[in-house]
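Shown next, in structure tokens, is the structure this report addresses.
The values are calculated or read from the model by the stated rules, or taken from the named source; none is laboratory data. All values reported here derive from a predicted model rather than from experimental measurement. No Cβ is skipped: glycine too gets one built from the backbone with ideal geometry, and neighbour counts run over all protein chains shown.
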Amino acid sequence: MEKTKIVILDNKLRDGEQSPGASLNMHAKVNIANQLSRLGVDVMEAGFPISSPGDFESVKLIAKEVRGSVIAGLARATKKDIDACWGAVKYASRPRIHTFIATSDIHMKYKLKMTREEVLRNAVAAVRHARRFTDDVEFSAEDAVRSDFTFLVKVVESAIRAGARTINIPDTVGYSIPQEFGNMVKRIIETVPDSDKAIFSVHCHNDLGMATANSLAAVLCGARQVECTVNGLGERAGNAALEEVVMGIRTRKDLFDFYTGIRTTEIYKTSRLVAKLTGIEVQRNKAIVGANAFAHEAGIHQDGVIKKSLTYEIMTPQSIGLSESELVMGKHSGRHALRKKLSDMGYKLSDKKIDEVFSRFKELADKKKTVFDQDIEAIVEDEAYAEEEVFKLNYMNVTSGTDTVPTATVRIAVRSDGKEKTVQEAACGDGPVDAAFKAIDRITGIRCKLVDYNLRAVSVGKDAMGEVTLKVVPLGRAKGEEPVTTGRGTSTDIIEASARAYVNAMNRLARKK
């Protein structure tokens with residue numbers, strides 16, 4: 001018998017972006033959307049168009065540029081929201097309107113201040129209005145788990161009759177447990193008349209750490225779409241992690257007679273890109289994509305894996321796009337070797353980008369004895385996803401010590417109106433990083449406040465590359481401008497990495513202005 005496909009909907013660009021500190025600019029959203037398409041997600045929820053002009057334009061741009069996936073927009077159960085949603089997603093080759101309204105007594109009383117009859121009426125009207133634009137309409141009963149079952153069934157039945165072709169049963173607050181949630185989904189499907197006319201979906205939050213387990217339990221009980229996010233990003237404790245859901249189905253074929261359309265070898269690269277652009281790093285012990293997911297330290301484990309990897313690994317690193325080899329290249333490696341290595345790692349770059357990556361690689365190889373996969377990934381992510389530069393760091397010299405006032409001299413190439421000039425400034429600070437930032441401020445003329453700074457080692461060893469992720473808030477920003485801007489930079493010198501990250505943030509702020 002042919003296996004059944006489980007539709008994968010990725011919420012990263014909508015629910016994932018609502019994770020505190022994960023706000024993305026338009027360029028970053030399009031980068032992630034294109035990678036999600038390469039990953040093979042069936043549906044990507046590109047945003048909440050009515051929420052802001054910026055979100056509307058981002059959804060519209062993704063709908064125009066990204067192909068291969070259904071592009072969905074979220075809308076409350078109001079005509080204004082749905083009209084805005086369609087205005088953004090209509091450019092997609094396969095658009096979807098996803099409308100929702102809460103059905104729990106808690107939400108109806110305290111948030112919506114509506115009666116059950118009003119909620120039912122609005123749900124039906126919203127689906128019917130959305131169907132005027134497209135046949136692909138999804139309806140969600142927000143906080144379904146805490147809703148009265150009889151009323152929930154009535155709303156779902158009415159939404160299907162009004163034209164919804166996907167019905168989402170969300171555990172909005174992560175309250176349920178697997179057996180309970182699976183049984184609930186099964187009961188709804190068995191109770192609702194005409195349930196065969198819709199695909200039933202689930203959207204689980206991770207407040208009790210059960211989002212993935214709840215999602216998989218629902219699949220076993222009749223759900224055929226799972227809404228999830230790469231790295232499990234989302235509001236509060238996050239959502240079901242896409243990589244966990246997909247690899248759970250793939251690894252436990254004895255239990256799941258299903259398949260997904262996800263290209264699993266793209267999982268690791270997608271995870272890294274999302275972490276890079278959101279500034280939210282993946283915890284080392286995170287399932288599937290964490291740094292320790294395929295690491296073995298205990299002697300017994302090492303011995304077992306050497307003899308047969310299956311002893312301690314239930315999936316292979318290659319299955320998610322991770323190379324087994326850490327030691328990859330050195331200073332004697334040439335451009336052709338780098339090109340092949342990048343291809344083996346799954347990167348498809350233009351000749352120009354390969355030249356830029358090669359230049360950075362050579363600089364690093366001269367500083368380090370060995371270059372690891374993670375080092376190359378950091379360089380690629382810096383260069384391949386870099387935006388057009390207004391400011392380019394050319395030179396930096398820092399003086400610091402226990403009895404010395406930290407001083408930094410910085411030289412930056414400034415591009416304006418197609419012309420480029422080199423500007424040099426020096427400044428003192430509380431430390432070498434602070435001094436470098438102040439010198440950069442003098443050159444760029446952009447006033448901002450540093451609100452977050454994170455430094456981590458990209459690979460291992462005393463000569464490991466450092467990766468700096470920082471966040472700044474522009475002072476005197478215009479109305480509607482994004483409050484937080486993220487910058488990233490890498491180098492074996494952590495002061496240089498900090499300066500690169502700060503200049504990266506200044507470039508983003510300069511383009512906004």
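Brief remarks follow.
- Test: residue in the range 210-229 that is more than 23 Å from K154 (Cα to Cα), in contact with a strand residue (DSSP E or B) (Cβ under 9 Å, 6 or more places away or on another chain) and among the β-branched types (V, I, T): yes
- Looking only at the range 400-411, and only at residues there that are of a type outside the set (A, V, I, L, M) and part of a strand (DSSP E or B), the one that is surrounded by the most Cβ atoms within 10 Å (Cβ to Cβ): P406
- Subset of the range 452-471 [modelled with pLDDT under 85 and within 20 Å of the chain's Cα centre (by Cα)]: V458
- With respect to being of a type in the set (K, R) and more than 15 Å from E227 (Cβ to Cβ), K80 fits the description.
- The residues in the range 239-265 that are under 15 Å from the mean Cα position of the chain (by Cα), assigned to a loop (DSSP other than H, G, I, E, B) and surrounded by fewer than 22 Cβ atoms within 10 Å (Cβ to Cβ) can be counted, and the count is 0.
- Residues of the range 65-92 classified as more than 23 Å from the chain's Cα centre (by Cα) and of a type in the set (S, T, N, Q), total: 1
- The set of residues from the range 426-468 being under 30 Å from A365 (Cβ atoms), of a type in the set (V, I, T) and buried (at least 16 other Cβ atoms within 10 Å of the Cβ) comprises V433, I440, I443, V458, V468.
Residues are listed down the side, and each one gets a yes or a no for (1) at pLDDT below 85; (2) in contact with a strand residue (DSSP E or B) (Cβ under 7 Å, 6 or more places away or on another chain); (3) within 19 Å of A378 (Cα to Cα):
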{"position": "R250", "(1), (2), (3)": "no, no, no"}
{"position": "D254", "(1), (2), (3)": "no, no, no"}
{"position": "V282", "(1), (2), (3)": "no, no, yes"}
{"position": "N292", "(1), (2), (3)": "yes, no, yes"}
{"position": "H296", "(1), (2), (3)": "yes, no, no"}
{"position": "V305", "(1), (2), (3)": "yes, no, no"}
{"position": "T316", "(1), (2), (3)": "yes, no, no"}
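- Residue match in the range 371-387 (condition: surrounded by fewer than 14 Cβ atoms within 10 Å (Cβ to Cβ) and over 26 Å from the mean Cα position of the chain (by Cα)): no
- Test: residue in the range 224-238 that is under 24 Å from G321 (Cα atoms), assigned to a loop (DSSP other than H, G, I, E, B), of a type in the set (A, V, I, L, M) and in contact with a Leu (Cβ under 8 Å, 6 or more places away or on another chain): no
- Single match in R284, R250, R272 (criterion: outside the structural domain of R488 (by TED's automatic domain parsing) and within 20 Å of N11 (Cβ to Cβ)): R272
- Of everything in the range 11-31 that is more than 19 Å from L509 (Cα to Cα) and touching a helix residue (DSSP H, G or I) at 6+ places or on another chain (Cβ under 6 Å), the residue that is modelled with the lowest pLDDT is K12.
- Some residue of the range 54-77 being in the same structural domain as V145 (by TED's automatic domain parsing), surrounded by fewer than 18 Cβ atoms within 10 Å (Cβ to Cβ) and among the hydroxyl-bearing types (S, T, Y): no
- Scope the range 388-402; condition at pLDDT 75 or above and either under 27 Å from the mean Cα position of the chain (by Cα) or within 23 Å of A505 (Cβ to Cβ) (or both); matching residues: E389, V390, F391, K392, L393, N394, Y395, M396, N397, V398, S400
- Flag for P193 being touching a His at 6+ places or on another chain (Cβ under 9 Å) and not small (G, A, S): no
- Residues of the range 168-183 that turn out to be crowded, with 23+ Cβ neighbours inside 10 Å and over 19 Å from H107 (Cα atoms), as a count: 2
- Pairs linking a residue in the range 497-513 that is over 13 Å from I443 (Cβ atoms) to a residue that is basic (K, R), with Cβ atoms under 7 Å and 6 or more positions apart or on different chains, are A501/R488; N504/R488.
- G209 vs. criteria of a type in the set (G, A, S) and buried (at least 19 other Cβ atoms within 10 Å of the Cβ): no
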